[in-house]
1. Can you find even one residue in the range 7-23 that is of a type in the set (A, V, I, L, M), surrounded by 19 or more Cβ atoms within 10 Å (Cβ to Cβ) and in a loop (DSSP other than H, G, I, E, B)?
2. Which residue pairs have Cβ atoms closer than 9 Å, lie 6 or more positions apart in sequence or on different chains, and pair a first residue in the range 79-97 that is free of Cβ contacts under 8 Å to residues at least 60 places away in the same chain with a second residue that is of a type in the set (D, E, K, R) and in a loop (DSSP other than H, G, I, E, B)?
3. Can you confirm whether the range 128-144 contains a residue that is within 24 Å of Ala19 (Cα to Cα) and either modelled with pLDDT of 95 or more or within 17 Å of the chain's Cα centre (by Cα) (or both)?
4. Quick check on my filter: what residues within the range 112-147 are out of contact with any helix residue (DSSP H, G or I) (no Cβ under 8 Å at 6 or more places or on another chain), part of a loop (DSSP other than H, G, I, E, B) and within 23 Å of Ala52 (Cα to Cα)?
5. Within the range 188-202, take every residue that is within 10 Å of Val157 (Cα to Cα) and basic (Lys, Arg) and give me the one that is nearest to the chain's Cα centre (by Cα).
6. In the range 24-68, which residue that is within 11 Å of Leu174 (Cα to Cα) and among the hydrophobic types (A, V, I, L, M, F, W, C) is modelled with the lowest pLDDT?
7. Among Asp74, Asp89, which is the only one that is at negative phi and surrounded by fewer than 19 Cβ atoms within 10 Å (Cβ to Cβ)?
8. Please go through the range 46-66 and give me each residue that is within 11 Å of Val177 (Cα to Cα) and in a helix (DSSP H, G or I), ordered by number.
Amino acid sequence: MPNVNLITLTDPRAAAAEAFRSLRTNLMFSSVENPLHTLLLTSTANSDDKSATLANLAVTFAQSGNKTILVDADLRKPSQHDIWGVPNDRGLTTMMIEDTAMSTPPLVNTGVEGLQLLPTGPLPPNPADILSSQRMNALIGVLKARANYILFDAPPVLAATDAALLGAKLDGVLLVVRAGHTRREHTVRAREALERVHVRILGAVLSNAPKESVSGEYK
């Protein structure tokens, strides 16, 4: 089970946990004509709660009875292995260089039924090149054959090109906006950076909201 307090597991009756479930439902039904199976979650800058937000969202997808794979594609500052308390010696980068790992992905059980994690594995010197490669397309295909939903954690948009490059390969992207922290102009710049490569932006998730507001709101 995770090392970090995930509200969807520790207090599933809380308003914030319910907000994550509402977000999940909205995403599942966001487009009947273009069903959502692969989703990237990113933020504008560091410290925007993106990784914990994605972990909570992944839990709700699995709790709805759907096989879900959470992929840590933040090849610069990975944190999903810390959140879930698992090793990070093998993962996404292993699949990029080992054919056996591509055919049998090094997925890790999270302790949540239906939810598996693909950590980053050893960090590469060239994350953007890996995420934009044709082999990454093959990796996404391998994972799609194993689960109903694949959720990707990526570096902040303004910190690197990684999120835009990977987001262009996926069904949609969500931006995490931290209440009282994320600057409006950063959000605008992040959206513009994603739009330049024709990423499908699904909306934003408000984190760290005051209690009178609902955390994890979908807009």
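The values are calculated or read from the model by the stated rules, or taken from the named source; none is laboratory data. Computed from a prediction, not measured in an experiment: that's the story for all the values here. Every residue, glycine among them, receives a Cβ derived from its backbone with ideal geometry; neighbour counts consider all protein chains shown.
1. Checked the range 7-23: no residue is of a type in the set (A, V, I, L, M), surrounded by 19 or more Cβ atoms within 10 Å (Cβ to Cβ) and in a loop (DSSP other than H, G, I, E, B).
2. Pairs that qualify, where the first residue is free of Cβ contacts under 8 Å to residues at least 60 places away in the same chain and the partner is of a type in the set (D, E, K, R) and in a loop (DSSP other than H, G, I, E, B), are Arg90/Glu98.
3. no
4. Ala147
5. Among those residues, the one meeting the criterion is Arg191.
6. Leu27
7. So the residue among Asp74, Asp89 that is at negative phi and surrounded by fewer than 19 Cβ atoms within 10 Å (Cβ to Cβ) is Asp89.
8. Taking the range 46-66 and keeping what is within 11 Å of Val177 (Cα to Cα), we get 46-50, 53.
Once the filter is applied, which keeps residues that are within 11 Å of Val177 (Cα to Cα) and in a helix (DSSP H, G or I), the range 46-66 yields Lys50, Thr53.
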